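Below is one structure, written out as structure tokens, with a few remarks after it.
The values are calculated or read from the model by the stated rules, or taken from the named source; none is laboratory data. The model shown is predicted, which means the values in this text are computed figures rather than measured ones. Reconstructed Cβ throughout: ideal geometry from the backbone, glycine too, with neighbour counts over all protein chains shown. Areas reflect the complete protein model, heavy atoms only, side chains present, ligands, DNA and RNA absent. Shrake-Rupley method; radii C 1.70, N 1.55, O 1.52, S 1.80 Å.
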Amino acid sequence: DNVKLKVQKQELKKLLGISHKFDDERFGRFINVTKKITDYSAQLETREEKVEDKAGADDEIEVPVIFDASDEEDDSGLDEVKEEDMQEEGVEADRTFKISSKVFQEEKKREDEKMKELQVRSIDAFWLQRQLSEYYKDAHTSVQMAEKVFSILSNPSNDDVACENLLVEELDYDKFSFIRKLRRNRLKIVYCMKLARAKGKEREEIETEMANDAKLAPILQALKKTSTAADRNTERERKQMKEANARMEEDEANADSNDTFWNKKPKAMLDLDSLAFQQGARLMSTKECKLPKNSEIINKKGYQEVHIPCLKEKPFKRSEKLVPFTDLPEWARLPFKGMKTLNRIQSRVYPVAFKSAHNMLICAPTGAGKTNCALLSILRVIGTHMNPDGTINLNSFKIIYVAPMKSLAQEMVLNFGKRLKDYGIKVAELTGDSQLTKQQIDATQILVVTPEKWDIVTRKNGERTYTQLVKLVIIDEIHLLHDSRGPVLESIVARSIRQTESTQQLIRIVGLSATLPNYKDVAMFLRVKLDKGLFFFDNSYRPCPLAQQYIGITAKKAFKRYQMMNEICYDKVMQNA
């Protein structure tokens, strides 16, 4: 403290190895930091005692002390003070020091205010993981670090100082501002994450603990405020359940004891086990197989051939015509650059897909243009969220495209991303291989997902904030309901319908499928109106006619059957070569 400011600045420049000009503001910050260091006094006292003891011992033994000439020369300059230095270190230096100190205090105050702005509603079970993902790019590392940090914060034996020291050791000094944020909001983070992770009785115990603690009670009150739409919907559902239970209890109390619901015997017992499909996805419900007209069966030695000719294209009806793109609004023509008209299937679907919000099931052969039908329904959603000035409110809707395979999901991301970029629509893939943070999901309008991934997302209660923005769900290859993945698709559809019924906000469901024999059953499952939203097109609507040929080998011996398969394959290749 007794050293002059200019000398301090020179010593500090040497210590830090700074060659350029050292401004007063930075120098003031360093001085303030050094004044806050108070834990060195004990060490200095012990060192001074040791030095004094040693000096006393030297005096007793009379050991001669030799001083270096160079040291005397170096120290001699420190005692000389020029008049110019005195002027610089006078009022000017004192004023600069005060200004630097004030700036530092204001910055610290602003930083402290930012620390206190952490809202309890923003903290869920994965809050730490999201925050640490900004520092650690690897998702696995951020998950591990989040668990370590949570264990340090939640350990009651760690006071604030010990907690901060452990966090600095774990996260390093470059994240000190983040560590201060964690320390200041320690109780909020720990108990909000505990509540988000807990269920049932464990959650009730945590809430009771928070209610009985004066420090934790305000956090619990902030969490219980029903300010968001999700909370209001949950509250409404609870109220409806209470009213329904009250009505049932009242009816039971007023009814005669011999005529209560529980005493009534059912008129008929339904055996659910007998209705189950024992063969699962391999079940063939049709017992007889009928071939189309003009089909031909040829019997040959050891095998049988079945030839099914390609269907002829059906003639246009009188009222049927192709829809030109000039019929679409000008803003809706951008994804169809280079095209003049919709094809036959798209023209039939256009009035319902683009001009209404009805659920749809489109059954058409491969390559018939079902993707453009889905695009028309996407443009319908974009149009309903368009402002009068032509801009689109991108934060008010989300569209889900369910693709059965990851390769198809990647293809659809590239397709839709290229065709919808003029609207500012962002398309992203959400599968097992590609993960998205909550911020990335919020910035995305169209999510291309696999059934399993979207099933996991909709099953979580914490993700209701952006699932409530979903306005359209497109399910590609919905004939996979008959596959082993069918139950996953069923749960996705059931949750979408349930959300529509509970929130009274329409989620449109569009199913795309190959030709189905029982398309009416699937349409009813998707809540499609059969007279408006159901479209079925047979193989005559294929853009490229397809002739089919089936060969069944009748030989019983395995070696002979294998040999005949090779011979037939070779002959057929040579015929069509």
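Leu534: under 30 Å from Ala368 (Cα atoms), in contact with a Ser or Thr (Cβ under 8 Å, 6 or more places away or on another chain) and either free of Cβ contacts under 8 Å to residues at least 40 places away in the same chain or among the aliphatic types (A, V, I, L, M) (or both), yes or no? Judged against the criteria, Leu534 is not a match. Kindly check whether there is at least one residue in the stretch 498-513 that is touching a Phe, Trp or Tyr at 6+ places or on another chain (Cβ under 7 Å), of a type in the set (Lys, Arg) and modelled with pLDDT of 90 or more. No, every residue in the stretch 498-513 fails to be touching a Phe, Trp or Tyr at 6+ places or on another chain (Cβ under 7 Å), of a type in the set (Lys, Arg) and modelled with pLDDT of 90 or more. As a summary of the residue check, Ala409 satisfies the conditions (1) open to solvent by less than 40 Å² (accessible area, probe 1.4 Å); (2) touching a helix residue (DSSP H, G or I) at 6+ places or on another chain (Cβ under 8 Å); (3) of a type outside the set (S, T, N, Q); (4) assigned to a helix (DSSP H, G or I) except for the one numbered (2). When the residues of the stretch 336-356 are filtered to those that are at pLDDT 90 or above and farther than 25 Å from Cys310 by Cβ, the one that is most open to solvent (accessible area, probe 1.4 Å) is Lys355. When Glu411, Glu477 are screened for being without any contact (Cβ under 8 Å) to a residue 40 or more places away in the chain and among the acidic types (Asp, Glu), only Glu411 passes.
Please verify whether the stretch 363-371 includes one or more residues that are closer than 20 Å to Ile475 by Cβ and part of a helix (DSSP H, G or I). Within the stretch 363-371, one or more residues are closer than 20 Å to Ile475 by Cβ and part of a helix (DSSP H, G or I). The residues of the stretch 419-438 that are under 16 Å from Ile382 (Cα atoms), of a type outside the set (Gly, Ala, Ser), free of Cβ contacts under 8 Å to residues at least 60 places away in the same chain and surrounded by fewer than 21 Cβ atoms within 10 Å (Cβ to Cβ), listed by number, are Lys421, Ile425, Lys426. Within the stretch 537-557, restricting attention to residues that are farther than 19 Å from Ile297 by Cα and open to solvent by less than 70 Å² (accessible area, probe 1.4 Å), the residue that is farthest from the chain's Cα centre (by Cα) is Ser540. Each residue in the stretch 339-356 was checked for being outside any strand (DSSP E or B) and either out of contact with any Lys or Arg (no Cβ under 8 Å at 6 or more places or on another chain) or of a type in the set (D, E, K, R) (or both), and 11 pass. Gly511 meets the conditions (1) in contact with an Asp or Glu (Cβ under 9 Å, 6 or more places away or on another chain); (2) over 30 Å from Val457 (Cα atoms) in every case but one. The failed one is (2). Mind checking whether some residue in the stretch 306-313 is modelled with pLDDT of 85 or more, assigned to a strand (DSSP E or B), more than 29 Å from Ile378 (Cα to Cα) and not aliphatic (A, V, I, L, M)? Yes: the stretch 306-313 contains one or more residues that are modelled with pLDDT of 85 or more, assigned to a strand (DSSP E or B), more than 29 Å from Ile378 (Cα to Cα) and not aliphatic (A, V, I, L, M).
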